[in-house]
Amino acid sequence: MGKDTMGQSHIPPVWRWVGERGLRIVTGEATLAYYAALISQGLPEIEDLVPADGSLLLILRRGTGVSAELRAALTALPVDEPMKQGALHEIAVEYGGIAGPDLPGLAEQAGMDAASYINRHTAAEYSVAFLGFQPGFPYLQGLPRALHARRRASPRVRVAAGSVAIGGTYTGIYPASGPGGWHIIGRTTVALFDPQREAPALLAAGDRVRFVPI
Amino acid sequence: MIEVLRAGLCDLVMDLGWPGWGALGVPAGGAGDPAALAAANALVGNNEMAAGLEVTLLGPLLRFPLGGVVALTGAPFAATRSSGAALAWNQTLVLAAGETLSLERAETGCRCWLAVRGGLAVPPVMGSRSTFLPAGFGGHLGRALQGGDVLPCGTPAGAVRLLRARTPSNAQAAPLRVVAGPQLGQFDDAGLAAFFAGTYRVNAASDRRGLRLRGPAVTHAQSALPSQGVLPGAVQVPPDGQPIILGWDGPVTGGYPVIAAIISADLPRLAQLRAGDAVRFVTMELERARALAEAAWEIEELA
């Protein structure tokens with residue numbers, strides 16, 4: 001979807017300020033390439049980088065602006081360099097029942113039975129577009145079109161940790177319990193986020209994920 | 001060492017947070033007014049990175065079995081010391097062994113910061129001692145203090161100096177100054193007029209993740225948006241038109257249009273807003289916002 005709109009040329013990206021320290025760069029399909037390139041350059045004025053859906057937010061350190069180096073980096077990013085494939089994670093999921101209360105409704109809406117819905121969800125290989133919403137929450141792209149579903153009209157006050165969910169064109173996993181507006185189809189016991197680990201998030205942007213039913 | 005005899009409403013161990021983990025979905029967190037915490041640390045001779053306590057609205061009763069050197073900055077609270085000695089904000093205080101410090105309630109504003117000489121020595125998580133309540137990690141056991149807790153303090157270095165801090169000028173009643181947000185164009189004229197002319201009230205459902213406002217609906221021309229990176233001070237408007245100012249523990253990405261962003265110089269004011277307070281907005285050019293350096297605290301010897 002939209003791969004051809006990215007282009008291989010070095011057109012300077014569009015950017016907009018979010019306050020004095022946030023610089024939002026429109027990156028289209030090349031978000032992770034921009035992210036990787038900026039990380040590797042280690043520019044001192046960048047305090048943090050937040051990849052998202054077709055854009056990258058640069059958070060600049062207090063009192064700094066866009067240096068000539070940063071400007072040059074943004075206009076000369078190697079957007080046509082192939083990204084190396086991320087690690088593949090197999091995540092065991094208990095589908096339906098108490099673990100996945102929204103599965104029957106979503107399956108019906110998609111015009112299939114629950115087993116077919118599960119088959120479609122497990123047959124696809126997903127890639128982590130970005131992490132957001134909660135620490136370690138992966139926005140997984142690659143959800144078959146038939147499974148796309150608008151978010152719930154009213155969010156749940158509490159979604160269990162490990163819930164596997166559908167939100168729009170994405171599937172995702174809630175690392176911690178809390179409020180949530182996505183449809184819950186199953187649950188995993190895998191720890192997606194542990195601040196005590198050297199790499200606190202199990203998944204990184206660019207990693208690949210397969211769901212395995214249990 | 002500090003013993004918590006009675007916990008306040010939400011006493012959190014805080015330092016300056018952990019910027020740099022945004023790609024994992026972790027916001028920078030840390031004290032709601034980093035300069036105020038840093039000033040309190042300076043008053044007790046700590047490094048500005050030391051952890052202190054962030055106290056919200058109703059404070060704790062703390063006992064210092066070995067005594068200690070502390071300082072308070074931020075919102076003035078009704079407060080007492082068991083010794084009966086004077087309890088002033090913005091200056092070095094020396095507590096005797098066994099003395100208790102009671103922070104009752106905020107007289108104005110919402111939050112104050114307590115620094116302790118040596119710093120609160122809770123184990124750092126991801127490079128910070130701040131508490132991150134939304135995911136329950138960091139600080140003291142990932143939660144607000146409870147009665148019976150005991151907080152370890154670090155070993156201080158150097159001589160104690162009696163200091164006083166001058167707070168930067170504070171215009172808490174003035175409108176919050178904002179710069180235009182990246183999706184300003186997704187709002188219609190009526191929505192923009194409501195936002196920039198209206199008076200909003202802080203809703204009780206507000207916390208460190210965000211200040212929820214109630215007031216004239218900010219109507220969208222287009223409310224759909226792919227998830228984008230956001231940061232504290234960004235003002236999001238969900239489909240119901242009621243703005244949310246993202247806080248220090250807010251999500252790193254959001255799917256609602258950002259109409260405006262609070263300027264850096266006014267971010268500390270967000271920490272002092274409480275439920276029911278009135279909020280208005282006034283727009284400012286980005287270059288002017290940049291020129292307003294974040295208000296500086298001055299530290300001087302106590303005469």
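What follows draws every value from the coordinates through simple rules; no lab data is involved. For clarity, every value in this text was computed on a predicted model and none was experimentally measured. Positions of Cβ are backbone-derived with ideal geometry, glycine not excepted, and every protein chain shown enters the neighbour counts.
Annotations for the structure displayed:
- With both labels modelled 7 Å from their Cα along Cα-to-Cβ, the A:ARG150 to A:ARG210 distance reads 3.5 nm.
- Remark: the B:LEU302-B:LEU9 segment gains 102.3 nm on full extension, using 0.36 nm per residue and subtracting the alpha carbon distance.
- Dipole of chain A computed with +1 at Lys/Arg Cβ and -1 at Asp/Glu Cβ about the Cα centre; of A:SER154, A:TYR174, A:ALA73, farthest Cα towards the positive end is A:SER154.
- Cα-based equivalent ellipsoid, the stretch B:2-166: semi-axes from gyration tensor eigenvalues, Å: 24, 17, 15
- Compactness of the protein assembly as shown - radius of gyration and Dmax, Cα, Å: 24.0, 79
- Using the Cβ of B:ASN203 as centre and a radius below 14 Å, the other residues enclosed give a net charge of +2, where K and R count +1 and D and E count -1.
- Amide H contacts under 5 Å for B:THR283: B:VAL178, restricted to partners 5 or more places along the chain or on a different chain, H placed in the peptide plane at 1.01 Å from N.
- The stretch A:3-75, dipole about Cα centre (Lys/Arg Cβ +1, Asp/Glu Cβ -1), debye to the nearest 20: 160 debye
- Expected-Rg normalisation [2.2 N^0.38 Å, Cα atoms] applied to the stretch A:88-213: 0.96
- Shielding of peptide A:53-60 by partners, expressed as the average count of other chain Cβ atoms within 10 Å per residue Cβ, is 5.
- Take the Cβ atoms of B:VAL150 and B:ARG214, set R0 to 51 Å, and the FRET efficiency comes out at 0.80.
- Derived scalar couplings ³J(HN,Hα) [the stretch B:104-121; Karplus, 6.51 cos²θ - 1.76 cosθ + 1.60; whole Hz; x for Gly, Pro]: 7, 8, 5, 6, 9, x, 9, 10, 10, 10, 10, 9, 10, 4, x, x, 6, 9
- 14 Å beta-carbon shell around A:ALA149, net charge (K/R +1, D/E -1): +3
- Once the C-beta distance of B:ASP189 and B:GLU287 is scaled by a Förster radius of 30 Å, the resulting FRET efficiency is 0.75 to the nearest 0.05.
- Semi-axes of the equivalent ellipsoid for chain B, Cα gyration tensor, largest first, Å: 36, 19, 17
- The stretch B:12-74 versus the stretch B:138-210: alpha-carbon centroid distance in Å: 13 Å
- Phi-based couplings in Hz for the stretch A:52-60 (Karplus 6.51, -1.76, 1.60; Gly and Pro marked x): 9, 7, x, 8, 10, 9, 9, 9, 8
- For the pair B:ARG143 and A:ALA76, a Förster radius of 51 Å applied to the C-beta separation gives a FRET efficiency near 0.65, rounded to the nearest 0.05.
- Rounded Å value of the spacing that divides the Cα centres of the stretch B:244-270 and the stretch B:90-117: 29 Å
- Here, the stretch A:93-132 yields an orientationally averaged convex hull projection of 3.7 nm² when only Cα atoms define the hull.
- ³J(HN,Hα) computed for each position of the stretch B:84-90 - Karplus, 6.51 cos²θ - 1.76 cosθ + 1.60, integer Hz, glycine/proline x: x, 5, 4, 10, 9, 7, 6
- Quarter of Cα convex hull surface for the stretch B:200-276, i.e. mean projection, nm²: 4.8 nm²
- Computed on the Cα trace of the stretch A:3-75, the radius of gyration divided by the Kirkwood hydrodynamic radius gives Rg/Rh = 0.94.
- Exercise: per-residue mean of other protein chain Cβ atoms within 10 Å, B:24-34: 4
- Between A:ALA92 and A:SER67, the simple label model (points 7 Å from Cα in the Cβ direction) yields a spacing of 4.9 nm.
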